[in-house]
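Colleague: Okay, here's the structure, questions in a sec.
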Amino acid sequence: MVQMQLDLASETRKACKTCGMEYIPSNAEDAALHRKFHAMNVGGVDFTKAVVERLRKNQVWSGGDGSFIAVIGRKDALALRNRTSDVLRVVNTELAAVPIEDKELWSQTCERKETKTEPRSKAQTVDRFKAYLYIRGPKCIGACLAERIWNAYTVLAQDDTSAQTYDTKSSSISISTDSSPAILGISRMWTSNQHRKQGIATRLLNCARSNFLYGMAIDKDNVAFSQPTESGGNLARRWFGRDAGWLVYID
């Protein structure tokens, strides 16, 4: 038997080691899309001067080099929320995280409690998410998506026999079987590749816990990380200052 045809249509996908995007190098459109995403991921997400000035009106921290952190929430203008969603698409792609639809991202939430005398408690409704964007020049080079939560689980030492194993995206940690009260969840944390190890993530975390609830600085013991990657777990340990005893939540 002689093969009379050659199948040359198959194209090999490649995963970029820097930005994490999978693409087909031989496909011109795919390659161009990768170049655009790679540039955003490595150097930061570009904003126009007009957008930067609008974000500056929402700043909650400013640095000596002109950089600042802006907070975007449910009540902000649609244009700012759309640009925030653009940043989160980059974040979700790099972290391999599940996308959050805008309807959910800019929604409200309340604690779901039921008692014998009052099936539905009259808890106050609050905004579910707030996004903190670290702006330097015309780029967003860091982002923290914070979420109002109600409970979380304590990270235990690996040799604790009472622990249950919680598999994250790239590692596993041991957590308590019973939940504890919590207030602030860190849903997404990202710093562009070229700007890591500059304290940007720490600054974002500190801004989130001091700004998320009006007039109240949230204690670190009431902050939890969601599904931390290996690098996210390392960040949490540095920020909390201990290997165990901090909180994670399951979203």
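The values are calculated or read from the model by the stated rules, or taken from the named source; none is laboratory data. Since the model is a prediction, treat every value here as computed from it, not as a measurement. Here the Cβ positions follow ideal geometry from the backbone for every residue, glycine too, while neighbour counts run over all protein chains shown.
Colleague: Within segment 35-64, take every residue that is at pLDDT 85 or above and of a type in the set (Val, Ile, Thr) and give me the one that is nearest to the chain's Cα centre (by Cα).
Modeller: Ranking the candidates gives Val45 first.
Colleague: Still on this structure: I'm told Lys116 meets every condition in (1) surrounded by 12 or more Cβ atoms within 10 Å (Cβ to Cβ); (2) modelled with pLDDT under 85 except one. Can you identify the failing condition by its number?
Modeller: Here Lys116 clears every test but (1).
Colleague: Please go through segment 87-105 and pick out each residue that is of a type outside the set (A, V, I, L, M), under 22 Å from Glu230 (Cα atoms) and not in a loop (DSSP other than H, G, I, E, B).
Modeller: Correct list: Arg89, Asn92, Thr93, Glu94.
Colleague: For segment 44-62, enumerate the residues that are in contact with a helix residue (DSSP H, G or I) (Cβ under 8 Å, 6 or more places away or on another chain) and either over 20 Å from Leu145 (Cβ atoms) or of a type in the set (S, T, N, Q) (or both).
Modeller: Going residue by residue through segment 44-62, those that are in contact with a helix residue (DSSP H, G or I) (Cβ under 8 Å, 6 or more places away or on another chain) are 44-47, 51, 54-55, 58, 60-61.
The answer is Asn58, and nothing else.
Colleague: Cβ contacts < 9 Å: first residue closer than 16 Å to Glu94 by Cα and without any contact (Cβ under 8 Å) to a residue 60 or more places away in the chain, restricted to segment 172-201; second residue among the aliphatic types (A, V, I, L, M) and assigned to a strand (DSSP E or B), any location; separation 6+ or different chain. Result?
Modeller: Met189/Ala143; Met189/Leu145; Thr191/Ile141; Thr191/Ala143; Ala201/Met189
Colleague: Which residues, counting only those in segment 217-251, are surrounded by fewer than 18 Cβ atoms within 10 Å (Cβ to Cβ) and in contact with a Gly (Cβ under 8 Å, 6 or more places away or on another chain)?
Modeller: Asp251 - this is the single residue of segment 217-251 that is surrounded by fewer than 18 Cβ atoms within 10 Å (Cβ to Cβ) and in contact with a Gly (Cβ under 8 Å, 6 or more places away or on another chain).
Colleague: Report the residue count in segment 166-196 for those that are assigned to a loop (DSSP other than H, G, I, E, B) and either at pLDDT 90 or above or buried (at least 16 other Cβ atoms within 10 Å of the Cβ) (or both).
Modeller: Keep residues of segment 166-196 that are assigned to a loop (DSSP other than H, G, I, E, B), which gives 168-171, 182-183, 192, 196.
Then drop every residue that is not either at pLDDT 90 or above or buried (at least 16 other Cβ atoms within 10 Å of the Cβ) (or both), which leaves 168, 182-183, 192.
Residues in segment 166-196 being assigned to a loop (DSSP other than H, G, I, E, B) and either at pLDDT 90 or above or buried (at least 16 other Cβ atoms within 10 Å of the Cβ) (or both): 4 in total.
Colleague: How many residues does segment 16-34 contain that are closer than 21 Å to Asn92 by Cβ, at pLDDT 75 or above and surrounded by fewer than 10 Cβ atoms within 10 Å (Cβ to Cβ)?
Modeller: So the count comes out to 0.
Colleague: Give just the number: which of (1) within 25 Å of Gly63 (Cα to Cα); (2) within 14 Å of the chain's Cα centre (by Cα) does Tyr249 not satisfy?
Modeller: Only one criterion in (1) within 25 Å of Gly63 (Cα to Cα); (2) within 14 Å of the chain's Cα centre (by Cα) is unmet by Tyr249, namely (1).
Colleague: So which pairs qualify, if the first residue must be in segment 80-106 and over 18 Å from Met21 (Cβ atoms) and without any contact (Cβ under 8 Å) to a residue 60 or more places away in the chain, the second must be outside any loop (DSSP other than H, G, I, E, B) and of a type in the set (Val, Ile, Thr), the Cβ gap must be under 9 Å, and the two must be at least 6 apart or on different chains?
Modeller: The qualifying pairs are Leu80/Val51; Leu80/Ile72; Arg81/Ile72; Arg83/Val45; Arg83/Val51; Arg83/Ile72; Thr84/Ile72; Leu105/Thr84.
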